[in-house]
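Scroll down for the structure; my scribbles are underneath it.
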Amino acid sequence: MDSNPERLTLRLELALLISKARTQDSIHQQALNKDTPPDRSSSLYWQDVLDKLEDLALMDHAESFTPDQSSYIEDAVILNSYWTLRGWHREG
């Protein structure tokens, strides 16, 4: 169980941002009639996701909290980014 109530807030905000980013990607695909979504680095929503993910990684690192990977973050790219950010905070 999460010991810090702010973690739940960050997780909910992150989920909302991911949903917005995916929706925007879908709209972009439909508008341009493309099969592939746009590059995530070109989306402001995905930048917001990374910013919130960094906040979460920093909190988890500071509290030595290790999430249950199976239920924490579903998107493989986002999960890899999370662990990369955790590694940077560990080294820094």
- Within the set 48, 68, 25, GNM on the chain using Cα springs under 10 Å gives the largest fluctuation to 68
- Pairs of Cα atoms under 8 Å, at least six residues apart: use those to get the relative contact order of the range 5-91, whole percent. 30
- Taking the chain as a Gaussian network, where each spring joins two C-alpha atoms under 10 Å apart, which residue of 15, 62, 76 fluctuates the most? 76
- Query: Label points 7 Å out from Cα along the Cβ direction at residue 22 and residue 3: separation in nm?
  - Reply: 3.1
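How big is D for the chain, in µm² s⁻¹ as a whole number, if Stokes-Einstein is applied with the Kirkwood radius of its Cα pairs at 25 °C and 0.890 mPa s? Let's see the in-between values first.
Values: Rh = 14.1 Å.
This corresponds to a translational diffusion coefficient of 174 µm²/s.
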- Query: When the chain is modelled as a GNM with alpha-carbon springs shorter than 10 Å, which of 50, 17, 79 fluctuates the most?
  - Reply: 79
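Read the figures in this text as sums done on the coordinates, not as results from a lab. Fair warning: this is a prediction, and the values are worked out from it, not measured in the lab. Because the Cβ atoms are built from the backbone with ideal geometry, glycine has one as well, and the counts that use them run over all protein chains shown.
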